[in-house]
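**Student:** Below is a structure I'd like to ask you about.
The values are calculated or read from the model by the stated rules, or taken from the named source; none is laboratory data. As the structure is a prediction and not an experimental result, all values here were calculated from the model. Glycine gets a Cβ as well: all are built from the backbone with ideal geometry, and neighbour counts include every protein chain shown.
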Amino acid sequence: ELYRCIGDTGKFLRQEVAKGTDILFESANGIHLDIDHGTFPFVTSSAVGPAAIPQSCGLPNVHLDRIIGVIKCYATRVGEGPFPSEISGKLADRIREAGNEFGTTTGRPRRIGWFDIDKTKEAVELTGATEIAIMHFDTLEGMDHIRMMIGGELIYLKGWTSLLGRGFYEFVKTIEQEVGVPVSMAGYGPERDQIEMRSVVRHVVGS
């Protein structure tokens, strides 16, 4: 029964690329867990960036023409390792519960921090991301102010209650200006239809 589902994945992908088929790849870990470029020794056991795709999938010299960096509007980390923007106490607990930030397998609580521009910019440079998709805007909904790390310092920004508010505008605009790539998607809930695409984000940000 399972035999018909088994095949040479690399060969299949090479054939599809030769036909001009669009193929979407998804990475399971953030670039700062990468074995070569992550916060060693607090890393995973393999390369996780876009550059690892050809080797791991059997696609020599494949051209990735669109690389989407997917991040949250706050930072998280599992286990030990440096975390300059980390939040503790009741606020961290509130964000953790609202965002369901617990390990998928172990259920271990994830560490919570503010959005880190410095780490995001480094991640974009390491991966060659052409755009950013920011998720979990609903998790921080209703906060009067949020914070963001820029140049090793935490600054204050206005919070938001929707994707149409001034706080959302300031948050996204700051990221685009500091990181240098557009924010093309914004997630405001766990469902697929709660992700606003480029045209809506462009309209709200005003560019």
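**Student:** Please go through the range 1-19 and pick out each residue that is exposed (fewer than 10 other Cβ atoms within 10 Å of the Cβ) and either in contact with a strand residue (DSSP E or B) (Cβ under 7 Å, 6 or more places away or on another chain) or not charged (D, E, K, R) (or both). Show your work before the answer.
**Tutor:** Within the range 1-19, the first condition is being exposed (fewer than 10 other Cβ atoms within 10 Å of the Cβ), and the residues that meet it are 1-7, 18-19.
Once the filter is applied, which keeps residues that are exposed (fewer than 10 other Cβ atoms within 10 Å of the Cβ) and either in contact with a strand residue (DSSP E or B) (Cβ under 7 Å, 6 or more places away or on another chain) or not charged (D, E, K, R) (or both), the range 1-19 yields LEU2, TYR3, CYS5, ILE6, GLY7, ALA18.
**Student:** Just the residues that are surrounded by fewer than 20 Cβ atoms within 10 Å (Cβ to Cβ) and more than 15 Å from ASP144 (Cα to Cα), please, taken from the range 164-183.
**Tutor:** Within the range 164-183, LEU164, LYS173, THR174, GLU176, GLN177, GLU178, GLY180, VAL181, PRO182 meet the criteria.
**Student:** If I filter the range 1-18 down to residues being acidic (Asp, Glu) and in a loop (DSSP other than H, G, I, E, B), which single residue comes out as modelled with the lowest pLDDT? Lay out the reasoning, then the answer.
**Tutor:** Pass one, the range 1-18, residues acidic (Asp, Glu): 1, 8, 16.
Filter again for in a loop (DSSP other than H, G, I, E, B), leaving 1, 8.
Working: GLU1: 71, ASP8: 92.
Going through the qualifying residues, I end up with GLU1.
**Student:** Kindly evaluate ILE87 against the criterion of being closer than 26 Å to PRO182 by Cα and modelled with pLDDT of 95 or more. Lay out the reasoning, then the answer.
**Tutor:** Details: closer than 26 Å to PRO182 by Cα: no; modelled with pLDDT of 95 or more: yes.
It is false that ILE87 is closer than 26 Å to PRO182 by Cα and modelled with pLDDT of 95 or more.
**Student:** Same structure again: With within 25 Å of the chain's Cα centre (by Cα) and not in a helix (DSSP H, G or I) as the only criterion, which of THR44, THR21 stands out?
**Tutor:** On the way: THR21 fails: within 25 Å of the chain's Cα centre (by Cα).
Of the residues listed, the single one that is within 25 Å of the chain's Cα centre (by Cα) and not in a helix (DSSP H, G or I) is THR44.
**Student:** Counting just the residues of the range 52-87 that are charged (D, E, K, R) and over 16 Å from HIS136 (Cα atoms), which one comes out surrounded by the most Cβ atoms within 10 Å (Cβ to Cβ)? Break it down into steps so the answer makes sense when it comes.
**Tutor:** So the first thing to find is which residues in the range 52-87 are charged (D, E, K, R), and the list is 65-66, 72, 77, 80, 86.
Subsequent filtering for residues that are over 16 Å from HIS136 (Cα atoms) retains 65-66, 80, 86.
Working: ASP65: 7, ARG66: 10, GLU80: 10, GLU86: 15.
The extreme case among them is GLU86.
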